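The structure appears right after this line, and notes come after that.
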Amino acid sequence: MVKDVQDRSIDPASLEMLALAGKAGIETAWDRFERQQPQCGFGELGLCCRNCNMGPCRIDPFGEGPSKGVCGATADIIVARNLLRSIAAGAAAHSDHGRGVAHTFRLMSEGRAPSYQVKDKAKLERLMKEYNVESQIALAEAIMAEFGKQEGPIQFTRRAPAKRIELWRKLGIDPRGIDREIVEIMHRTHMGVDNDYVHLILQGLRASLADGWGGSMIATELQDVMFGTPSPTFSEANLGVLEPNKINIIIHGHEPLLSEMIVAAASDPEMVELAKKQGAVGINVSGMCCTGNEVLMRHGVPVAGNFLQQELAVATGAVEAMVVDIQCIMPALGTLAGCFHTKFISTSPKAKFPGAKHMEFHEETALETAKEIVKTAILNYQNRNPSKLHIPDIKTKCMVGFSVEAIVGALGGTLDPLLGAIKSGAIRGIGAVVGCNNPKVQHDFGHLNLVKELIKNNVLVVTTGCNALACAKAGLLLPEAADLAGDGLKGVCKALGVPPVLHMGSCVDISRILVAAAAIANALGVDISDLPAAGAAPEWMSEKAVSIGAYVVGSGVFTVLGTVPPVLGSQAVAELLTAGAKGVVGASFAVEPDPFKAASLMIEHIDSQRRKLGL
Amino acid sequence: MKEVFVRLDRCMGCKSCEMACAVEHSVSKSLFNAVCERPSPVRRVYVEMAEGQKVPLVCRHCEDAPCVAVCRTGAMSQDPITGIVDRDEERCVGCWMCAMICPYGVIGRHKEVRIAVKCDRCRDLDVPACVRACPTGTLIYATQGEFVEMMRREAAAKIARGAKSLAKA
């Protein structure tokens, strides 16, 4: 439990705002986290089953009370079923995001979404070739069909090394369709269906693979087609990107569909003129969470912070509009925005919030809605209360936008220099560090210490999501950060002019990491599970992270979790995930809350992989 | 002296008190480690269901405690100052006289070890673990005076509200 405000974060801007929030009596997630203590032990161990109305049932972890639910489900069954339902929710969230993007792409292809255009024609053509179709509309149809497919395969899964695909087939976990696997989880975890914990977990892996190599990858690829494939660009991160004399609009959530339009609308001369009439010197759009990542890496739009900073951003009193779409948006924002002049604007037909003004966004009228939203923000400027204004003067430069294409570009058009550096040992291996914030961990402490340890030990870090934003704020996404790296990695970074930590995007963009891993494995003629690579989610909290963890391990990457997943109520399940899985999919999980020890686990793994490859 | 009081109308039956009690009496005092400990950590508080009501039961640390009176080995003793009834693990032989005489049935045993187990009111803590864990305020750690004062205030507030609404009507 965190008691002292100073212990809540290691980010100076957040600490400044937390101190202010404390004085002003503004409640944040950290306060609510404390009020939730102690949290339910049955929940923490995954031992509570609410899947039927004979229950709720709980298993006594100490063996004194009940060891079975009413139906006879044991701890192993209950824990496995609960884990699967988390995977289903996470895979559904990513994949429904992907479906939204695919839907927009189809409307655009049919000429029904005039606000959108093809920005990356080369990628469009590559995808058409990959799908073996002749037209853009046919591609849209083929990709939409992935969601409802019954017998597979999902086309993008074929980007995995042949050995991996063969293993998935052998295990019966090669996904048949994105939606089908999620539905099957809900079916199998219904009362009285699948009660074999190993069989259950295999289905969890299958659904998660349909996320990583399906829903998420579709989101990434089609976003690139419509909004441009990211390439290295510079920007700034942290609450200091908010500007005292401008209209501040924060775009928060996950989809770039609307935020791209907001960015366009905010630079419309008519809007800028209106802002000036209201006494502001201009319009300042900044991002938050993964929507932030999307516009950060494509347009260099500054980012105000990561997940746990959403309330702190509103508390600056400088935000005219907090515009949200889907995922990781705290419902607390409604009440909080009510304490300030901030308009809390929800936009997704899927997501409404108490205290929010709902300005629903549709593809057909995207730019018009975006202009309405920007106008609402501008007209709200006059309501700003200068006595409540407090923007921490803290922001950091960052270099972002390392899509796979951009990485290959930076390497001179081929992966060879990277492979060479890995073979020579200059780069010891690759660490993929991703994931959320969680008040169970001192904000950004897990992220930054893990990443710093890795680069110090010559592990090249690729990052997405809230880890990427933590790194951006701490200056780790700058080429100069190479000075914090070990000599080998430092040399490579200096020669290429890149940071030792590569920003690869939002959380659906972990699919980019999969693509990169597959490409490296193919180039070396091995499986992903043979690579000197490891993953980590030091501050994870969401169900999406559970799905990510499952597909990353299912793809063959050893992964260290920084917060304990609710599975320890079953020794068998915990054992399967942390040890047994290695013999099945060639990778397993580890749980290690201490970021320094987590880094050691990753490095030990990378070293043993190197030895096996004879490097 | 402070005691553990129970406000029956508030209990949701979540058993957080039981879980916290077992963890506090484990070697590691951490849930995630405690689940692997052998002998298994044992709770000293019990949530029972009777007459449709959830009832948390915990040792009342009775004055002139019967469990102390019947203990043949001197394992069970009562602190003359605090009134806390505790059991000396070394002296307990598992004869269960205490369990038979206790009117609340709150003397348990280790699953793997034949010794009596009961509430020691968490000697190392300012507030017992069960009280700290209770999310609804069912369990209250207070002196008898404080507790009945709180109950009186609640009753008074109820009466006052009733009187006001009568006056309005």
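The values are calculated or read from the model by the stated rules, or taken from the named source; none is laboratory data. Note that the structure is a prediction, hence the values are computed from the model and not measured. Counting neighbours? That spans all protein chains shown, and the Cβs are built from the backbone with ideal geometry, glycine included.
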> Which ones in the range A:38-49 are away from chain B (no Cβ under 14 Å) and among the charged types (D, E, K, R)?
Replying inline: none
> Within the range A:492-547, can you find the residues that are outside any helix (DSSP H, G or I), hydrophobic (A, V, I, L, M, F, W, C) and closer than 19 Å to A:Ile87 by Cα?
Replying inline: A:Cys507, A:Val508, A:Ala536, A:Ala537, A:Trp540, A:Met541
>> For the range B:19-42, which positions are within 7 Å of another protein chain (Cβ to nearest Cβ), closer than 13 Å to B:Lys111 by Cβ and part of a loop (DSSP other than H, G, I, E, B)?
In response: B:Ser40, B:Pro41, B:Val42
> Can you tell me which residue in the range A:564-594 is nearest to A:Gln442 (Cα to Cα), limited to those that are of a type outside the set (A, V, I, L, M, F, W, C) and in contact with an Asp or Glu (Cβ under 7 Å, 6 or more places away or on another chain)?
Replying inline: A:Pro566
>> Kindly evaluate A:Ser555 against the criterion of being more than 14 Å from chain B (Cβ to nearest Cβ), surrounded by 24 or more Cβ atoms within 10 Å (Cβ to Cβ) and of a type in the set (Ser, Thr, Tyr).
In response: yes
>> Against the conditions (1) on the phi > 0 side of the Ramachandran plot; (2) buried (at least 22 other Cβ atoms within 10 Å of the Cβ); (3) of a type outside the set (Gly, Ala, Ser), where does A:Pro175 fall short? Just the number, please.
In response: (1)
>> Can you list the helices (runs of 4 or more DSSP H) lying wholly within the range A:122-236 that have 1 or more residues being free of Cβ contacts under 8 Å to residues at least 40 places away in the same chain and either closer than 26 Å to A:Ala73 by Cβ or not assigned by TED's automatic domain parsing to the domain that holds A:Val526 (or both)?
In response: A:136-148, A:162-171, A:178-188, A:197-210
>> So in the range A:450-462, with the set limited to residues that are assigned to a helix (DSSP H, G or I) and under 19 Å from the mean Cα position of the chain (by Cα), which one is nearest to A:Glu405 (Cα to Cα)?
In response: A:Val451
> When the range B:1-43 is examined, which residues are found to be of a type outside the set (Asp, Glu), farther than 20 Å from A:Cys48 by Cα and under 16 Å from the mean Cα position of the chain (by Cα)?
Replying inline: B:Met1, B:Lys2, B:Val4, B:Phe5, B:Val6, B:Arg7, B:Leu8, B:Arg10, B:His25
>> Let me spell it out: the conditions are (1) in contact (Cβ under 8 Å) with a residue 40 or more places away in the chain; (2) under 28 Å from A:Thr291 (Cα atoms); (3) among the hydrophobic types (A, V, I, L, M, F, W, C), and A:Ala481 meets all of them except one. Which number is the exception?
In response: (1)
> Identify, please: which residue in the range B:43-67 is touching a residue at least 24 places away in the same chain (Cβ under 8 Å), outside any loop (DSSP other than H, G, I, E, B) and more than 12 Å from chain A (Cβ to nearest Cβ) and is, among those, farthest from B:Gly108 (Cα to Cα)?
Replying inline: B:Gln53
> Would you say A:Glu64 is within 14 Å of chain B (Cβ to nearest Cβ) and acidic (Asp, Glu)?
Replying inline: yes
> Within the range A:260-303, how many residues are of a type in the set (A, V, I, L, M) and within 16 Å of the chain's Cα centre (by Cα)?
Replying inline: 5
> Within the range A:71-79, is even one residue surrounded by fewer than 21 Cβ atoms within 10 Å (Cβ to Cβ) and among the hydroxyl-bearing types (Ser, Thr, Tyr)?
Replying inline: yes
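Look at A:Ser115 and say whether it is hydroxyl-bearing (Ser, Thr, Tyr), crowded, with 24+ Cβ neighbours inside 10 Å, under 30 Å from A:Ala140 (Cα atoms) and away from chain B (no Cβ under 14 Å). Talk me through it step by step, then tell me what you get.
Details: hydroxyl-bearing (Ser, Thr, Tyr): yes; crowded, with 24+ Cβ neighbours inside 10 Å: no; under 30 Å from A:Ala140 (Cα atoms): yes; away from chain B (no Cβ under 14 Å): yes.
For A:Ser115, the condition - hydroxyl-bearing (Ser, Thr, Tyr), crowded, with 24+ Cβ neighbours inside 10 Å, under 30 Å from A:Ala140 (Cα atoms) and away from chain B (no Cβ under 14 Å) - is not met.
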> Does A:Cys52 meet the test of being touching a Cys at 6+ places or on another chain (Cβ under 8 Å), hydrophobic (A, V, I, L, M, F, W, C) and within 9 Å of another protein chain (Cβ to nearest Cβ)?
Replying inline: no
>> Can you find a residue that is surrounded by fewer than 21 Cβ atoms within 10 Å (Cβ to Cβ), within 18 Å of A:Pro38 (Cα to Cα) and within 13 Å of chain A (Cβ to nearest Cβ) anywhere in the range B:2-18?
In response: yes
> Somewhere in the range A:469-476, is a residue at positive phi and touching a strand residue (DSSP E or B) at 6+ places or on another chain (Cβ under 8 Å)?
Replying inline: yes
> For A:Met602, all conditions in the list (1) farther than 29 Å from A:Phe62 by Cα; (2) part of a loop (DSSP other than H, G, I, E, B); (3) not aromatic (Phe, Trp, Tyr) hold save one; what is the number of the exception?
Replying inline: (2)
> Looking only at residues in the range A:316-335 that are of a type in the set (A, V, I, L, M, F, W, C) and surrounded by 24 or more Cβ atoms within 10 Å (Cβ to Cβ), which one is farthest from A:Gly435 (Cα to Cα)?
Replying inline: A:Ala318
> When A:Val79 is evaluated against the numbered criteria (1) of a type in the set (A, V, I, L, M); (2) within 12 Å of chain B (Cβ to nearest Cβ); (3) over 28 Å from the mean Cα position of the chain (by Cα), which criterion, by number, is the only one it fails?
Replying inline: (3)
> Just checking, how many residues over the range A:12-37 are within 13 Å of another protein chain (Cβ to nearest Cβ) and in contact with a Leu (Cβ under 9 Å, 6 or more places away or on another chain)?
Replying inline: 0
> Which residues, taken from the range A:439-464, are closer than 21 Å to A:Ile394 by Cβ and not aliphatic (A, V, I, L, M)?
Replying inline: A:Pro439, A:Gln442, A:His443, A:Asp444, A:Phe445, A:Gly446, A:His447, A:Asn449, A:Lys452, A:Thr463
